[in-house]
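Take a look at the structure below.
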Amino acid sequence: MAKEKSLYLKRNDGRKFDEVRPITAKVGIVPSADGSASFETGGTKAIAVVRGPRTLHPQHKQDPRTGILRVSYGMMPFSVTDRIRPGPNRRSEEISKVSEWALNSVVDLSEFPNTVVDVFIQIPQADAGTRVAGINAAAIALAHAGIPMKEMVSAIGVGKIDKTLVVDLDKYEDSDFHDGEGSTDIPVVITSRTKKIALLQLDGKISVPELKEAIELAKKTCEEILKVQMKALKEANRSEGKKK
Ligand code: UDP
């Protein structure tokens, strides 16, 4: 993966350029919720809780043709060393919206007119890649809640540090710490069956051929992530089946 002229020759944590941090996923972490899951990559942890479908209030916001998906993302005050101010801000509003768009591309709420399905994503620990970790957790939590989905989604951050393409940037890599061309962060969400891009954001600079290569890297990595998501769902089905 390393290019010959790359300035970024070795990752600070020793990973290969196409290697994700250790991933874990767990389903059913909040038993009182309709669906819940956690998703972790290295030092980034996300939890997602699903409530609904419930009748949407106020009534004028209801859609008689379909239910509505509503996503709220937030970082907990202690999730990074500098305390985060509680409550919404521009960044959290943006991430809530883009997460909602990505999940909306696979969720089908046509069976539940006039309702809302709420997805609450919280980040108790952040080391970059929180929006993609949140989307991974939310997708599993929606499936756990039994919300009809056309397919799953898996998400990963890919990027470019100087001239090198890398996967799953941590906070050190995400920051412009070096003298080279700087770092480019590209969160990507891929649908599980049709392999479509449900979300792509770009923070930095990249050429078209490099972007194409980065998308291929994201698609390949999302296959790995999907396996972890599906395994977590199967484990939950097995243990919840035993309790019944
Ligand atoms: N971050 C921070 N304080 C903030 C927002 C972000 O320290 O108020 C850190 C956190 O580790 C986060 C990273 O910066 O994961 C990258 O943030 P970005 O906005 O690029 O989104 P993310 O990569 O988390 O989706």
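A few remarks follow.
- For the stretch 147-153, 3J(HN,Hα) per residue [Karplus equation, 6.51 cos²θ - 1.76 cosθ + 1.60, θ = phi - 60°, Hz, x = Gly/Pro]: 6, x, 10, 5, 6, 8, 10
- Cα-centre dipole for the stretch 81-220 with unit charges at Cβ (Lys and Arg positive, Asp and Glu negative), debye to 20: 380 debye
- Here Leu200, Leu142 are placed in order of increasing Cβ neighbour count within 10 Å, fewest first, which gives Leu200, Leu142.
- For Gln125, the residues whose amide H sits under 5 Å from its own are Lys45, ignoring neighbours fewer than 5 places away on the same chain, with H placed 1.01 Å from N.
- The chain, helix-only ellipticity at 222 nm - DSSP H runs n ≥ 4, -39,500 (n - 2.57), divided by all residues, nearest 500: -9500 deg cm²/dmol
- Each residue of the stretch 66-72 is assigned a 3J(HN,Hα), and the resulting list reads 6, x, 10, 9, 10, 10, 10 Hz, derived from the Karplus form 6.51 cos²θ - 1.76 cosθ + 1.60 (θ = phi - 60°), x at Gly and Pro.
- The stretch 58-118: radius of gyration over Cα atoms, expressed as a fraction of 2.2 N^0.38 Å: 1.40
- Every Cα-Cα pair of the stretch 189-244 was included, and the share exceeding 17 Å stands at 52 percent.
- Of every Cα-Cα pair in the stretch 138-241, the percent that sits beyond 23 Å: 35 percent
- For the stretch 66-176: Kirkwood Rh in Å [reciprocal of mean 1/r, alpha carbons]: 15.2 Å
- Two-decimal ratio, the stretch 1-95, of alpha-carbon radius of gyration to 2.2 N^0.38 Å: 1.57
- Size of charge dipole - the chain - debye, nearest 20, with Cβ of Lys, Arg +1 and Asp, Glu -1, no other charges: 780 debye
- The trypsin sites (Lys or Arg not before Pro) of the stretch 51-83 meeting both criteria, a DSSP state outside H, G, I, E and B (loop) and at most 11 other C-beta atoms within 10 angstrom of the site's C-beta, are Arg65, Arg83.
- Short-range pairs are left out: with C-alpha atoms under 8 Å and at least six residues apart, the relative contact order of the stretch 120-233 is 26 percent.
- Trypsin sites (Lys or Arg not before Pro) restricted to DSSP loop in the stretch 185-228 with at most 16 other C-beta within 10 Å: Arg193, Lys195, Lys196, Lys205
- Among the trypsin sites (Lys or Arg not before Pro) in the stretch 133-178, those located in a DSSP loop and surrounded by at most 13 other Cβ atoms within 10 Å of their own Cβ are Lys150.
- Ordering Tyr73, Tyr172, Tyr8 from the fewest to the most neighbouring beta carbons within 10 Å gives Tyr172, Tyr8, Tyr73.
- Scanning the chain for DSSP H helices at least 20 Å long along the axis (C-alpha atoms) with a Kyte-Doolittle mean no lower than 0.0 picks out 130-144.
- Translational diffusion of the stretch 113-164, µm² s⁻¹ [Kirkwood Rh, Cα pairs; Stokes-Einstein; 25 °C; 0.890 mPa s]: 187 µm²/s
- Under 14 Å, Cβ to Cβ, from Gln62 - net charge with Lys/Arg +1 and Asp/Glu -1: +3
- The value of relative contact order for the chain, using C-alpha pairs under 8 Å at least six residues apart, is 22 percent.
- Each 5 Å bin from zero holds the following percent of Cα-Cα pairs in the chain: 1, 7, 14, 18, 19, 16, 12, 7, 4, 2, 1, 0, 0.
- Just checking the listed ones, Gly159, Gly87, Gly134: in the Gaussian network model of the chain with Cα springs under 10 Å, the one fluctuating most is Gly87.
- Summed residue charge, Cβ within 13 Å of Ile123's Cβ, Lys/Arg positive, Asp/Glu negative: +2
Read-outs throughout are calculated quantities, based only on the coordinates presented, and are distinct from any laboratory measurement. Please read these numbers as outputs of a predicted model, since none were measured by experiment. FYI the Cβ positions are ideal-geometry reconstructions off the backbone, even for glycines, and counts take in every protein chain you see.
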